Amino acid sequence: MKKQKYILIVVLTMVGSLIQSCSSDDDSGTPTSDTYIRFTIDGTDYDFGNIITAESLSITFNGNNGETIQDVGDTRISIYLPLDIAVGNHDIEGGAFGGDYKVSFTSEPMGFDFDFAQSGNINVTSVSDDYVEGTFTATITSESDETINLVNGEFKAMPIE
């Protein structure tokens, strides 16, 4: 089941990448982005740029430590919001099948394989035609009962037009 979910996320990420790349106004040929997902786990800071936005039953902001969409690296995060994103504080509830606001995390070195946060908070601070911005915290437990806390999380990503 996890592999199917992972494949679905990868497909959605690729589709989102294509949609995002088609809407770019930057013809310079130099990839630059001011989108990001940042957070801290046990004193280690993670900073992913060039966030990919995908839409299906929800809007998903995807970050990873890889070089490209084909090379996603060994650590990935996704922030899920409903299609009608609302400014305000929203609790993360119930893991993969919980509410509208979710966070998933994969890290091969840490032993997490597409695990969803059981609790936390996503605070959407701004929604515009250009960007969705906010902060987040999340508590995630792996299948082997390892628990991590993502703190000082912040994101800035492009919405789907």
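Read-outs throughout are calculated quantities, based only on the coordinates presented, and are distinct from any laboratory measurement. Just so it is clear, the model here is predicted, and its values are computed rather than measured. Cβ placement follows ideal geometry from the backbone for every residue including glycine, while neighbour counts extend to all protein chains displayed.
Miscellaneous remarks
- Förster radius 41 Å - calculated FRET efficiency between Asp91 and Gln70, Cβ distance, rounded to 0.05: 0.75
- Normalised size of the range 47-161, defined as Cα radius of gyration per 2.2 N^0.38 Å with N residues, equals 1.00.
- All other residues whose Cβ lies under 9 angstrom from that of Tyr36 are scored, Lys and Arg at +1 and Asp and Glu at -1, for a net of -1.
- Ordering of 61-70, 124-133 by burial proxy (mean other Cβ atoms within 10 Å per residue, highest first): 61-70, 124-133
- When the alpha-carbon atoms of the range 38-112 are used, the pair Rg, Dmax equals 13.1, 35 angstrom.
- Counted charge near Glu93, where neighbours are those whose Cβ lies closer than 11 Å (Asp, Glu -1; Lys, Arg +1): -1
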